[in-house]
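Visitor: What follows is a single structure, and I will ask about it in a moment.
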Amino acid sequence: SLASTAITCFTRGLDLRKGTEDVLCPANCPLWQFYVFGDGVYASLSSICGAAIHRGVITNAGGAVRVQTLPGQENYPAVNANGIQSQVLSRWASSFSVTPATKDTALEAVGRSVSTARPSTGKRPKKTLDKKAGNKDCKADIAFLIDGSYNIGQRRFNLQKNFLGKVAVMLGIGIEGPHVGVVQASEHPKIEFYLKNFTAAKEVLFAIKELGFRGGNSNTGKALKHTAQKFFLLENGARKGIPKIIVVFLDGWPSDDLEEAGIVAREFGVNVFIVSVAKPTTEELGMVQDIGFVDKAVCRTNGFFSYQMPTWFGTTKYVKPLVQKLCSHEQMLCSKTCYNSINIGFLIDGSSSVGESNFRLMLDFVSNVAKAFEISDIGSKVAAVQFTYDQRPEFGFTDYVTKEKVLSAIRNIRYMSGGTATGDAISFTVRNVFGPVKDGPNKNFLIVLTDGQSYDDVRGPAAAAQKAGITVFSVGVAWAPLDDLKDMASEPRESHTFFTREFTGLEQMVPDIIRSICKDFLDSKQ
């Protein structure tokens, strides 16, 4: 059958390379974050997993989906289905459809690909390059912390290695995909191999087979702390801006305390998963130091970071759900990601040429960008300023620390109406809105939203904003002159300048702006 590729909630049709591809959607994607255009036939701008839920092919529990590339269309309709409201798109260059990826369709696809095999053009090596790259949609640096204690014993240790091998293969390890290493927990932790040692699944499998059982107490806490502190150093192959994950395999229970190790891991931005096998029986609970050991160690106690298997026997069915979790980039709440580590200031044009109904469309755009991020007191933050000749701060970065409150504040912004002094407004925002957070940990972004020519100079104030470490995106509508927009935007200007003739076109820019913000965030970490 076609091998499934694990993808993220945000992978779009146009991110896939092949005409037909089987993909694996993660569980628990936030439904409101999906961008889906069309019904049945979806514009390739759409999220694949979003389209699959919309179509009823999978539920929010995730699962396997077959994606078929189709030609572009005119008029993708908006339809509400299965909790997802798809959106209208008047025209797009390519489309896709989604169907369940079952064994039969997989076989049929293999049969078909053989019968329509193209004559060889001598381009054979292309395929192997792709394999080397690995699964690009699953970017993660993972340490598997395996149990090497007397608790587990030699026989189950070998079953654990088997399971680990299956997980490693399904992850799609490769240069541009996930990288893995292994640490064995016993009396003293031992780093068996680092992220940098192998970048191919074959090599990793061989290294796993070679692992020897150490024995001793299961000092998992000690091993977890050691791994969080030492394993993810750059010289050991950790990559900047990519989620760091420790998957702890625990047979029974730890002989030491996990709480301190869990705190250290969170401080280092590491996402800890606990895979517990053979939970302690009622009689054994008396020997467990801390019954709530799982909650003390995991990244967040929302249920996502813990995983249970009854025994080490027949574990094959547990491989896929675990891989789906490890590939859910946007759920890695303990990593510093673009979703939880930025400040976005919106500078909104309230001039009289906009008009009340178009002003509402601008606010919808602001909400749609804002709601893609993890807004909280320790996460991302949002602020907004409306401008004409004057500036009116609507709310600052520290005024609202939940997404609901931010979205409600955006909805309640009242239209001012007046002239257009964009340059002054940029200077005002840099000083009064970004000033108070300039030494904070988050990366700063300013999105300037305007529909016309500014009466003052925009180049000077925008350059000053960039010098202050703020990345500027310019979003122009209607009569906004392209020269002004380019003058305001950060380098490279093409990817920071957006324009639409109609206010209704703002909605379609949202996914690209979110993607550009995330790309800038990653680049700043390299």
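Visitor: Please indicate, with yes or no, whether at least one residue in region 184-192 is open to solvent by 10 Å² or more (accessible area, probe 1.4 Å) and within 24 Å of G314 (Cβ to Cβ).
Guide: no
Visitor: Take the residues in region 450-483 that are outside any loop (DSSP other than H, G, I, E, B), modelled with pLDDT of 95 or more and among the charged types (D, E, K, R); name whichever of them is nearest to L347 (Cα to Cα).
Guide: Selected residue: R459.
Visitor: Checking the conditions here, which among K166, K139, K161 is surrounded by fewer than 23 Cβ atoms within 10 Å (Cβ to Cβ) and part of a loop (DSSP other than H, G, I, E, B)?
Guide: Values: K166 fails: part of a loop (DSSP other than H, G, I, E, B); K161 fails: part of a loop (DSSP other than H, G, I, E, B).
K139 is the lone residue from the list that is surrounded by fewer than 23 Cβ atoms within 10 Å (Cβ to Cβ) and part of a loop (DSSP other than H, G, I, E, B).
Visitor: Report yes if some residue within region 432-445 is in a helix (DSSP H, G or I), of a type in the set (V, I, T) and either in contact (Cβ under 8 Å) with a residue 40 or more places away in the chain or open to solvent by 20 Å² or more (accessible area, probe 1.4 Å) (or both); otherwise report no.
Guide: Step one: of region 432-445, the residues in a helix (DSSP H, G or I) are 432-437.
Within this subset, residues satisfying the condition of being of a type in the set (V, I, T) are 433, 437.
From what is left, the residues that are either in contact (Cβ under 8 Å) with a residue 40 or more places away in the chain or open to solvent by 20 Å² or more (accessible area, probe 1.4 Å) (or both) are 433, 437.
Scanning region 432-445, I find at least one residue that is in a helix (DSSP H, G or I), of a type in the set (V, I, T) and either in contact (Cβ under 8 Å) with a residue 40 or more places away in the chain or open to solvent by 20 Å² or more (accessible area, probe 1.4 Å) (or both), so the answer is yes.
Visitor: I would also like to ask the following. In region 245-264, what residues are open to solvent by 10 Å² or more (accessible area, probe 1.4 Å) and either assigned to a loop (DSSP other than H, G, I, E, B) or modelled with pLDDT of 95 or more (or both)?
Guide: Selection gives W253, S255, D256, D257.
Visitor: When you scan region 265-293, how many residues do you find that are open to solvent by less than 50 Å² (accessible area, probe 1.4 Å), at pLDDT below 85 and assigned to a helix (DSSP H, G or I)?
Guide: Start the filter on region 265-293 by keeping residues that are open to solvent by less than 50 Å² (accessible area, probe 1.4 Å), which leaves 265, 269-278, 280, 288, 290, 292-293.
Checking the rest, the ones that are also at pLDDT below 85 come to 278, 280, 288, 290, 292-293.
Checking which are assigned to a helix (DSSP H, G or I) leaves us with 293.
Of the residues in region 265-293, 1 are open to solvent by less than 50 Å² (accessible area, probe 1.4 Å), at pLDDT below 85 and assigned to a helix (DSSP H, G or I).
Visitor: Starting from region 206-219, take each residue that is closer than 12 Å to E192 by Cα and of a type in the set (V, I, T) and list its partners that are open to solvent by 10 Å² or more (accessible area, probe 1.4 Å) and in a helix (DSSP H, G or I), counting only C-beta distances under 7 angstrom and pairs at least six apart or across chains.
Guide: From region 206-219, the pairs are I208/K161.
Visitor: So, F232, is that one surrounded by 21 or more Cβ atoms within 10 Å (Cβ to Cβ), in the same structural domain as L159 (by the TED database), at pLDDT 85 or above and assigned to a loop (DSSP other than H, G, I, E, B) or not?
Guide: yes
Visitor: Does K336 satisfy the condition of being under 13 Å from the mean Cα position of the chain (by Cα), open to solvent by 30 Å² or more (accessible area, probe 1.4 Å) and not assigned by the TED database to the domain that holds V264?
Guide: yes
The values are calculated or read from the model by the stated rules, or taken from the named source; none is laboratory data. Computed from a predicted structure; not experimentally measured. In this analysis, Cβ positions are derived from the backbone assuming ideal geometry, glycine residues included, and neighbour counts consider all displayed protein chains. Quick note on the areas: whole protein, heavy atoms, side chains included, nothing else; ligands and nucleic acids left out. Shrake-Rupley method; radii C 1.70, N 1.55, O 1.52, S 1.80 Å.
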